[in-house]
Amino acid sequence: MSDDIDQEPTRPTDTQRARAIRRVANPARHAIASVAAAAEPLVGRIGDAVEGVERSIAERPGMRVRRIRRRAANPLPYLNDAYPDVRLARSVQVGLRTIPVDAIAGTAVGGGDQRGADFLPLKQFRGGNWKSRWQRLNRAQDSLAILPPIEAVKYKGQYWVLDGHNRVALALYSGQPEIDASIVELVAPGEQRTEPLGTLAPTLAGSQTLRTRGEGLPASGALSHEDRVASDPDDA
């Protein structure tokens, strides 16, 4: 018996050690992969939740107003400056659409040097008449009155305002995601229109203005053409 105790144990070979490691490691790898696969949807949901919180924080009124005000330091982009070849485009009447406010890039009528990128006139161009109209727009929105559609052209996937700059500014400052617009698409030579052409009835039925009007709320047609600034005759 003493001989058995004193006998040196047999050492495993390198091949045997490798097999033993694989027997332990392979199930561990599978377990880790299973945990990772199970956790991936949870991680995705957490990421989505974090992004949602970030978006909600970014859209808090005070932060949104400050963000839009910072834009006012830059001049409002002008379509002809951004795309000089737009004069060669053909126009296609699209009709009434509800469009994203964030897709409105600037003005199509010039005067961008009189307005900031928040679509409001610069302070030196804010005459008394303009201030009265701006106050009426705010009161109309507060009373849930329906403002008339803006007029805009669409070019290269963006919208450029013909009439309704103040209404766009109001939508930006109030966090309104969409706005009704009467659209004309400008199609560059060799390109195809991107807006579908249909009958007038579906276009009107899909209009935010008419949907809300159908709920019995008043329309504020008197507030259209609110874009005059201090240099206009009635602001002198």
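Taking the condition modelled with pLDDT under 90, within 16 Å of Tyr173 (Cα to Cα) and surrounded by 10 or more Cβ atoms within 10 Å (Cβ to Cβ), does Ala72 pass?
On the way: modelled with pLDDT under 90: yes; within 16 Å of Tyr173 (Cα to Cα): yes; surrounded by 10 or more Cβ atoms within 10 Å (Cβ to Cβ): yes.
For Ala72, the condition - modelled with pLDDT under 90, within 16 Å of Tyr173 (Cα to Cα) and surrounded by 10 or more Cβ atoms within 10 Å (Cβ to Cβ) - is met.
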Can you name every one of the strands (runs of 3 or more DSSP E) wholly within region 98-175 that holds 2 or more residues which are under 20 Å from the mean Cα position of the chain (by Cα), among the aromatic types (Phe, Trp, Tyr) and within 13 Å of Pro77 (Cβ to Cβ)? 158-163
Any chance region 84-96 includes a residue that's open to solvent by less than 70 Å² (accessible area, probe 1.4 Å) and among the polar types (S, T, N, Q)? no
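The values are calculated or read from the model by the stated rules, or taken from the named source; none is laboratory data. For clarity, every value in this text was computed on a predicted model and none was experimentally measured. Positions of Cβ are backbone-derived with ideal geometry, glycine not excepted, and every protein chain shown enters the neighbour counts. The accessibility values were calculated without ligands, DNA or RNA, using every heavy atom of the protein model including side chains. Shrake-Rupley method; radii C 1.70, N 1.55, O 1.52, S 1.80 Å.
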